[in-house]
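Written out below as structure tokens is the structure these notes cover.
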Amino acid sequence: MATQQLGTALITGASTGIGAVYADRLARRGYDLVLVARDAARLEALAERLRRETGRKVESFKADLTAKADLAQVEQRLRDDQSLTVLVNNAGMSVAGSLLDGEIDHFQTMIELNVVAATRLAAAAARNFVGRKQGAIVNIASVLALAPEIYNGSYSGTKAYLLNLSLSLQKELAPAGVYVQAVLPGATRTEIWQRAGVDVDGFPPEMVMEVDAMVDAALAGFDQGELVTIPSLPDQTDFERYTAARLALGPNLSRNAPAERYLSQHSNAA
Ligand SMILES: NC(=O)c1ccc[n+]([C@@H]2O[C@H](COP(=O)([O-])OP(=O)(O)OC[C@H]3O[C@@H](n4cnc5c(N)ncnc54)[C@H](OP(=O)(O)O)[C@@H]3O)[C@@H](O)[C@H]2O)c1
């Protein structure tokens with residue numbers, strides 16, 4: 001009964017970290033699951049545990065989302081499977097170093113995963129969900145979308161892209177009954193740090209959230225229908241003020257004449 005009501009959630013990057021906790025929580029809520037990542041053994045171990053503990057249908061779907069053929073298979077599943085009601089667009093990576101000293105091919109792979117794959121998967125899910133006037137797309141961005149000065153700018157850029165995509169998709173999809181949520185975690189204790197060669201234990205402990213707490217907060221935001229959820233932000237009105245200031249720029253962002261300060265030098269010279 002619960003399965004029929006809630007449908008199936010497809011979670012990318014579900015073999016560990018944030019995606020694995022989403023899998024656990026959504027199975028306990030009564031969703032069936034499709035778990036996507038590259039490590040088939042880890043996926044299957046999680047799937048088996050969740051089947052045993054929750055009785056839900058849990059499928060592991062091995063795919064490298066930076067490989068065109070694998071990505072196409074996941075997209076096709078998202079477009080065609082009428083039991084799907086949630087996409088958790090979570091798979092993502094970071095890279096070591098800056099543009100000056102990092103390995104440029106790693107930056108490209110990161111963009112393929114964090115931006116290209118996430119966009120194609122969101123588009124595939126959106127087409128499916130709009131047709132049935134239901135469903136939710138959860139994009140796991142990052143607080144770095146708002147703070148490019150703090151860390152590697154390319155990673156922040158991929159996450160700012162996801163935030164912008166979510167804001168725009170929400171406008172497009174809400175009238176069709178589809179919910180979009182952008183989640184902006186701060187530093188969260190997962191393997192992503194180690195994979196990027198960063199020691200998360202080097203951060204002040206008060207900056208690092210445990211992954212269970214982060215996902216539970218993100219799901220509380222989901223239940224409240226938030227468009228943007230920032231699990232660690234104590235005062236939501238801070239973000240509301242930021243959004244209001246950004247929106248206030250709107251009427252002046254595109255005009256038929258340059259601003260006065262760009263004209264004065266020219267007119268003085270003339
Ligand atoms: N942890 C943080 O501090 C933090 C903060 C803000 C945002 N985020 C975002 O949260 C999301 C999840 O990160 P996490 O911290 O949970 O990282 P994680 O522990 O490293 O997990 C990443 C997941 O993505 C999968 N993955 C990586 N490359 C993939 C590929 N090419 N194709 C398919 N799956 C792939 C990994 O599985 P396989 O290796 O098995 O493929 C794993 O399941 C990311 O988008 C990240 O940017 C994390």
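How do 107, 239 stack up against each other in accessible area, from largest to smallest, with a 1.4 angstrom probe?
Details: 107 5, 239 30 Å².
Descending order: 239, 107.
Angle between the Cα long axis of helix 118-132 and the longest principal axis of the chain, 0 to 90 degrees, nearest 10?
70 degrees
Relative to the compact globular guide of 2.2 N^0.38 Å, what is the alpha carbon radius of gyration of the stretch 1-52, as a ratio?
Details: Rg = 10.3 Å, N = 52, 2.2 N^0.38 = 9.9 Å.
This ratio for the stretch 1-52 stands at 1.04.
Any idea which of 129, 26, 259 is furthest toward the positive side of the dipole for the chain, if Lys and Arg beta-carbons carry +1 and Asp and Glu beta-carbons -1?
Of the candidates, 129 comes out farthest on the positive side.
Percentage of Cα-Cα pair distances in the stretch 2-236 greater than 33 Å, rounded to whole percent? The partial results should precede the final answer.
Numbers: 3041 of 27495 pairs.
Cα-Cα pairs in the stretch 2-236 separated by more than 33 Å: 11 percent.
Amide H to amide H, which residues 5 or more places from residue 63 or on other chains are under 5 Å from it, using H placed in the peptide plane?
Residues meeting the amide H criterion: 37, 38.
Quick one: compute the contact order of the chain, relative version, from alpha carbon pairs under 8 angstrom and 6+ residues apart, as a percent. Don't jump to the answer; show the numbers that get you there.
On the way: 427 pairs, mean separation 41.1, N = 270.
Relative contact order, the chain: 15 percent.
If we sort 157-166, 126-135 on the protection proxy, mean other Cβ atoms within 10 Å, highest first, what's the order? Please list the in-between numbers first.
Details: 157-166: 21.2, 126-135: 16.8.
Per-residue mean Cβ counts within 10 Å order the peptides as 157-166, 126-135.
Averaged per residue, what accessible surface does the stretch 196-270 expose to a 1.4 Å probe, in Å²?
Values: 5470 Å² over 75 residues.
Dividing the accessible area of the stretch 196-270 by its residue count gives 73 Å².
Once every DSSP H run of n ≥ 4 in the chain is given -39500 (n - 2.57) and the sum is divided by its residues, what mean residue ellipticity at 222 nm do you get, rounded to the nearest 500 deg cm²/dmol? Numbers along the way, then the final one.
Values: 11 runs with 126 residues, N = 270.
It lands at -14500 deg cm²/dmol.
Hey, got the dipole for the stretch 2-236? About the Cα centre, +1 on K and R Cβ, -1 on D and E Cβ, debye to the nearest 20? Before the final figure, lay out each step's value.
Working: 22 positive and 28 negative charges, 210 e Å.
In debye, rounded to 20, the stretch 2-236 gives about 1000.
So, R0 is 25 Å and r is the distance between the beta-carbons of residue 244 and residue 210; what FRET efficiency does that work out to, to 0.05? It would help to have the intermediate numbers written out before the result.
Numbers: r = 32 Å, r/R0 = 1.28.
E between residue 244 and residue 210, to the nearest 0.05, is 0.20.
Mind pulling up the Rg/Rh value for the stretch 151-215? Radius of gyration and Kirkwood radius, both on Cα. Working shown, then result.
Working: Rg = 15.0 Å, Rh = 13.9 Å.
Checking Rg against Rh, the ratio lands at 1.08.
What FRET efficiency, computed as 1/(1 + (r/R0)^6) with R0 = 22 Å and r the Cβ-Cβ distance, is obtained for residue 99 and residue 72, rounded to the nearest 0.05? Could the numbers behind the result be given before it?
Numbers: r = 30 Å, r/R0 = 1.36.
The pair residue 99/residue 72 has a calculated efficiency of 0.15.
Using only Cα atoms, figure out Rg for the stretch 84-185 and give it as a multiple of 2.2 N^0.38 Å.
Against the empirical 2.2 N^0.38 Å value, I get 1.13 for the stretch 84-185.
Between the helical axis of 153-173 and the dominant principal axis of the chain, each derived from Cα atoms, what acute angle in degrees is found, rounded to the nearest 10?
Taking Cα atoms only, the helix is inclined about 80 degrees.
How big is the accessible area of residue 228 in square angstrom, nearest 10, if you roll a 1.4 angstrom probe over the protein chains?
Probe radius 1.4 Å; accessible area of residue 228 about 10 Å².
Please report the carbon-and-sulfur percent of the accessible area for the chain; probe 1.4 Å, protein heavy atoms only, DNA, RNA and ligands left out.
Working: 7670 of 14170 Å².
The C+S portion of the solvent-accessible surface of the chain is 54 percent.
Over all alpha-carbon pairs in the stretch 145-270, figure out the percentage whose distance exceeds 27 Å.
Working: 2844 of 7875 pairs.
Tail fraction, whole percent: 36.
Kirkwood Rh over Cα pairs of the stretch 1-127 into Stokes-Einstein at 25 °C, 0.890 mPa s: D in µm²/s? Working shown, then result.
Values: Rh = 14.9 Å.
Answer, rounded: 164 µm²/s.
The values are calculated or read from the model by the stated rules, or taken from the named source; none is laboratory data. Owing to the predicted nature of the structure, the values given are computational and were not obtained by experimental measurement. Backbone-built Cβ (ideal geometry, glycine too); neighbour counts: all protein chains shown. The area values use the complete protein model at the heavy-atom level, side chains included, leaving out ligands, DNA and RNA. Shrake-Rupley method; radii C 1.70, N 1.55, O 1.52, S 1.80 Å.
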